[in-house]
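For reference, the structure discussed in these notes is given below.
Just so it is clear, none of the values below were taken in a lab; they were calculated from the coordinates. All of these numbers come straight from a predicted model, not from anything done at the bench. FYI the Cβ positions are ideal-geometry reconstructions off the backbone, even for glycines, and counts take in every protein chain you see.
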Amino acid sequence: QVQLVEAGGGLVQAGGSLRLSCAASGRTFSNLRMAWFRQAPGKEREFVTAISRSGGRTDYADSVKGRFTISRDNAKNTVYLQMNSLKPEDTAVYYCAGDPNYSGSLHYEYDYWGQGTQVTVSS
């Protein structure tokens with residue numbers, strides 16, 4: 001089993017920045033492909049970004065390209081999401097997810113999930 005705990009959400013004005021973190025325990029973190037998803041009220045869970053086990057490959061949703069950056073520190077068992085130039089439409093609960101075999105955009109393919117952290121961007 002893997003436990004994922006997100007932190008770093010909050011309220012920020014449009015144009016501002018936040019850095020989310022997701023700490024993993026219970027399984028060798030470096031064996032997991034990691035991703036971030038988000039879910040706004042009344043909407044489906046949406047893929048944001050993913051990173052390979054080594055961190056050498058990343059993928060982003062078009063809506064966040066150039067503004068968000070995913071990274072990981074396998075020594076600290078942590079994945080990060082740096083969010084810059086935030087917009088009101090980025091408001092959502094952000095979830096980190098992990099899987100030993102999958103790193104795509106389909107949320108139901110991921111085995112492990114955090115509890116989520118709220119990000120609110122005011123206009």
Self-check item: HN-Hα J in Hz across segment 45-52 - Karplus 6.51, -1.76, 1.60, θ = phi - 60°, x for Gly and Pro
Solution: 5, 10, 5, 10, 6, 9, 9, 6
Quiz item: Along the charge dipole of segment 54-123, which of Ala92, Ala75, Ala61 sits closest to the positive end, that is, farthest toward it, with unit charges on the beta carbon of Lys, Arg, Asp and Glu (+1, +1, -1, -1)?
Solution: Ala75
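Tell me the net charge near Tyr112. Cut-off is 10 Å between Cβ atoms, Tyr112 excluded, with +1 for each Lys or Arg and -1 for each Asp or Glu.
Values: positive: Arg27; negative: Asp99, Asp111.
That works out to -1.
Between Val5 and Gln82, what length in nm is gained on full extension when 0.36 nm per residue of separation is reduced by their alpha carbon distance? Show your work: numbers first, answer last.
On the way: separation 77, 0.36 × 77 = 27.72 nm, distance 1.63 nm.
Residue separation times 0.36 nm, minus the Cα-Cα distance, leaves 26.1 nm.
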Practice problem: Rounding to the nearest 20 debye, state how big the charge dipole of segment 1-100 is about its Cα centre with +1 on each Lys and Arg Cβ and -1 on each Asp and Glu Cβ. | Solution: 240
